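Q: Just passing along the structure, written as structure tokens.
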Amino acid sequence: MVSVQARGLFVTGTDTGVGKTVVAGALGALFRLRGVDVGVMKPVQSGGVREGGHLFSEDSRFLRKAAGVDDDPALVNPYCLEPPASPNVAASISGVQIDLNVITTAFQKLTSLHELLIVEGAGGLLVPITDDFLMADLVVALGLPLVVVARPNLGTINHALLTLRYAQHLGIKTIGTVINGYREEEAGIPEKTSPAIIERLSGVPIIGTLPYLSSVDVSSARLGDLIETAGRSLDIEKLDWGDSDGG
Ligand SMILES: Nc1ncnc2c1ncn2[C@@H]1O[C@H](COP(=O)(O)OP(=O)(O)OP(=O)(O)O)[C@@H](O)[C@H]1O
Ligand SMILES: [Mg+2]
């Protein structure tokens, strides 16, 4: 069985839409296939979808489906906001006050239910959750090591290193990087050379490159051949837990 030396990991990205949900779901599925009891969490969703008067998080639904998790959606996603904006702005427009205690209470409950909790952020590390509390502050507060999702094309070295080095600057343990959405037919020099450069200049292992998969779609909860492909493309054994005990 794969070793899990922390009670969870936090999946962030170099940007919004970079593939955090797809990668977090894939990681959840891979750990489950190795016999780990996995939970998932999306603390704050903005751009929530309204269906029949009910607001729900597409990310939370995809994560639960990919990781095979049956937990209460309200626990997995404590805050779901409709405006597609940063959480602080979406909350303000919606007249919602984000209470960090609600997030940490749900987090503690989920970590008590599972061996490993995979938490997906929103946007990137410096997205405000409230006016003076950023996503990076939540990573620190939860005491989780970080996995960074980056895109494959030109510009990714800068974005990946900005995210990884800032996390390291804050004392956050960075345990792996995933390149997501690789298209062989479009791959040029940057796609082929960036992963090794990101790995060398961050000191963080690239645990794999996940290809673009037309069968996968978060908004319609389609897993397609994600799990099978992730099994070939991502190596969770490469995650560098170091001496982290997860706090
Ligand atoms: N490897 C992939 N193959 C095919 N489609 C993908 C892949 N990765 C992501 N997508 C698609 O790209 C879109 C963005 O991906 P995803 O929702 O995972 O990004 P995100 O970083 O979680 O975004 P957000 O910041 O909104 O949470 C989704 O429609 C998803 O289905
Ligand atoms: Mg997402």
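The values are calculated or read from the model by the stated rules, or taken from the named source; none is laboratory data. Values in this document were obtained by computation on a predicted structure and should not be read as measured data. Note that we place each Cβ from the backbone using ideal geometry, even for glycine, and neighbour counts take in every protein chain shown.
Q: Whether any residue in the range 41-63 is over 22 Å from I236 (Cα atoms), among the polar types (S, T, N, Q), free of Cβ contacts under 8 Å to residues at least 60 places away in the same chain and away from ligand 2 (no atom under 12 Å from the Cβ) is what I want to check. Break it down stepwise before answering.
A: Looking only at the range 41-63, we keep the residues that are over 22 Å from I236 (Cα atoms), and these are 43-58, 61.
Among the residues that remain, those that are also among the polar types (S, T, N, Q) are: 45-46, 57.
Subsequent filtering for residues that are free of Cβ contacts under 8 Å to residues at least 60 places away in the same chain retains 57.
If we keep only those that are away from ligand 2 (no atom under 12 Å from the Cβ) too, we end up with none.
The answer is no; no qualifying residue exists.
Q: Right, another one. Just the residues that are away from ligand 1 (no atom under 16 Å from the Cβ), touching a residue at least 60 places away in the same chain (Cβ under 8 Å), surrounded by 12 or more Cβ atoms within 10 Å (Cβ to Cβ) and on the phi < 0 side of the Ramachandran plot, please, taken from the range 191-247.
A: Passing the criteria: I236, K238, L239, D240, W241, S244.
Q: Output yes when any residue across the range 1-11 is surrounded by 24 or more Cβ atoms within 10 Å (Cβ to Cβ), within 16 Å of ligand 2 (Cβ to nearest atom) and without any contact (Cβ under 8 Å) to a residue 40 or more places away in the chain, and no when none is. It would help to see each step written out before you state the result.
A: Let us first name the residues in the range 1-11 that are surrounded by 24 or more Cβ atoms within 10 Å (Cβ to Cβ), namely 8-11.
Those still in the list that are within 16 Å of ligand 2 (Cβ to nearest atom) too: 9-11.
Right, trim to without any contact (Cβ under 8 Å) to a residue 40 or more places away in the chain and you get none.
For the range 1-11, residues surrounded by 24 or more Cβ atoms within 10 Å (Cβ to Cβ), within 16 Å of ligand 2 (Cβ to nearest atom) and without any contact (Cβ under 8 Å) to a residue 40 or more places away in the chain: absent.
Q: For the range 95-116, state whether one or more residues are surrounded by fewer than 15 Cβ atoms within 10 Å (Cβ to Cβ), more than 15 Å from ligand 2 (Cβ to nearest atom), at positive phi and modelled with pLDDT of 95 or more.
A: yes
Q: Looking at N77, N153, N158 in this structure, which one is surrounded by 17 or more Cβ atoms within 10 Å (Cβ to Cβ) and either without any contact (Cβ under 8 Å) to a residue 40 or more places away in the chain or in contact with a Pro (Cβ under 8 Å, 6 or more places away or on another chain) (or both)?
A: Values: N153 fails: surrounded by 17 or more Cβ atoms within 10 Å (Cβ to Cβ); N158 fails: surrounded by 17 or more Cβ atoms within 10 Å (Cβ to Cβ).
Only one candidate passes the filter, namely N77.
Q: Within the set of pairs 6+ apart or on separate chains, which have a first residue in the range 100-114 that is aromatic (F, W, Y), a second that is not in a helix (DSSP H, G or I), and C-beta atoms under 7 Å apart?
A: Final answer for the pair search is F107/M41.
Q: Within the range 18-39, which residues are more than 16 Å from ligand 1 (Cβ to nearest atom) and either touching a Ser or Thr at 6+ places or on another chain (Cβ under 9 Å) or in contact (Cβ under 8 Å) with a residue 40 or more places away in the chain (or both)?
A: F31, L33, R34, V36, D37, V38, G39
Q: Which numbered condition trips up A66, out of (1) within 16 Å of ligand 1 (Cβ to nearest atom); (2) closer than 22 Å to V23 by Cβ; (3) of a type in the set (A, V, I, L, M); (4) touching a strand residue (DSSP E or B) at 6+ places or on another chain (Cβ under 6 Å)?
A: Evaluating A66 over (1) within 16 Å of ligand 1 (Cβ to nearest atom); (2) closer than 22 Å to V23 by Cβ; (3) of a type in the set (A, V, I, L, M); (4) touching a strand residue (DSSP E or B) at 6+ places or on another chain (Cβ under 6 Å) leaves (4) as the failure.
Q: I'd like to verify a number: residues in the range 103-123 that are part of a strand (DSSP E or B) and of a type in the set (A, V, I, L, M, F, W, C), how many?
A: Step one: of the range 103-123, the residues part of a strand (DSSP E or B) are 116-120.
The next check asks that each one be of a type in the set (A, V, I, L, M, F, W, C); those that pass are 116-119.
Total meeting the criteria: 4.
Q: Let me ask you something else. Identify the residue in the range 124-141 that is without any contact (Cβ under 8 Å) to a residue 12 or more places away in the chain and outside any loop (DSSP other than H, G, I, E, B) and, among all such residues, is farthest from S86 (Cα to Cα). I'd like the intermediate steps shown before the answer.
A: If we filter the range 124-141 for residues that are without any contact (Cβ under 8 Å) to a residue 12 or more places away in the chain, which is where we start, we get 132, 134, 137.
From the residues that got through so far, the ones that are outside any loop (DSSP other than H, G, I, E, B) too are 134, 137.
On the way: L134: 10, D137: 15 Å.
Taking the candidates together, the pick is D137.
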